[in-house]
Amino acid sequence: MRNRRLVSALALALPFVAAGVFSRPAEAQTGLQYFAVTPCRAADTRTGNGGTIQASIFRAFTIKGVCGVPGTAKAVSLNLTIVSPTADGFFSVWPYGGAFPVVSTINFVAGDPAIANGAIVPLAVGTPDLYGGYGTATGTGQTQAVLDVTGYFQ
């Protein structure tokens with residue numbers, strides 16, 4: 001049954017792929033090159049970086065110049081770990097100074113000891129270059145965040 005669904009889904013998607021409807025976003029077509037780095041802790045609010053993150057308050061992070069990420073980097077691949085959130089919610093990461101994104105980077109429930117998700121995030125031109133924000137339904141709660149860089153694009 002599962003194979004039949006897969007074949008049906010592929011059959012439905014094929015005309016769209018052939019027509020180019022599912023093309024990559026313009027940012028992905030700029031010819032940026034990926035450079036892997038040895039995984040490196042760029043920020044850890046448990047040991048600095050401003051301490052605990054409160055819900056509904058943005059936190060600035062600087063990634064360029066840390067962990068081998070050059071000042072010319074346009075985007076970064078990272079692993080975002082949320083530690084001990086006190087309320088169900090989400091955490092988003094986006095370029096500093098940019099608009100709050102319409103999608104979350106990671107979702108979690110209160111009391112999770114730690115939960116992680118990988119992401120590729122554009123960087124702002126200046127520094128700090130990333131914003132992070134903890135959202136909850138009530139607007140209250142606190143958590144810790146860890147950002148481990150795994151590579152960059154330039």
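For region 41-71, which positions are over 22 Å from residue 125 (Cβ atoms) and part of a strand (DSSP E or B)?
Scanning region 41-71 gives 41, 44, 53, 54.
Given the conditions (1) open to solvent by 20 Å² or more (accessible area, probe 1.4 Å); (2) over 20 Å from residue 32 (Cα atoms); (3) not β-branched (Val, Ile, Thr), which single one is not true for residue 80?
(1)
Mind checking whether some residue in region 78-94 is without any contact (Cβ under 8 Å) to a residue 60 or more places away in the chain and under 16 Å from residue 153 (Cα atoms)?
Yes.
If you take the residues in region 86-145 that are modelled with pLDDT of 95 or more, under 26 Å from residue 34 (Cα atoms) and of a type in the set (S, T, N, Q), which one is least open to solvent (accessible area, probe 1.4 Å)?
Taking the candidates together, the pick is 92.
Any chance region 65-72 includes a residue that's open to solvent by 10 Å² or more (accessible area, probe 1.4 Å), under 16 Å from the mean Cα position of the chain (by Cα) and touching a residue at least 24 places away in the same chain (Cβ under 8 Å)?
no
If you scan region 93-128, which residues turn out to be touching a Leu at 6+ places or on another chain (Cβ under 9 Å) and under 21 Å from residue 142 (Cβ atoms)?
93, 94, 105, 106, 116, 117
Of all residues in region 28-55, count the ones that are under 30 Å from residue 88 (Cα atoms) and in contact with a strand residue (DSSP E or B) (Cβ under 7 Å, 6 or more places away or on another chain).
14
The values are calculated or read from the model by the stated rules, or taken from the named source; none is laboratory data. As the structure is a computational prediction, the values presented were derived from the model and not from experiment. Counting neighbours? That spans all protein chains shown, and the Cβs are built from the backbone with ideal geometry, glycine included. The protein model used for the area step is the full one, side chains on, heavy atoms only, and it has no ligands, DNA or RNA in it. Shrake-Rupley method; radii C 1.70, N 1.55, O 1.52, S 1.80 Å.
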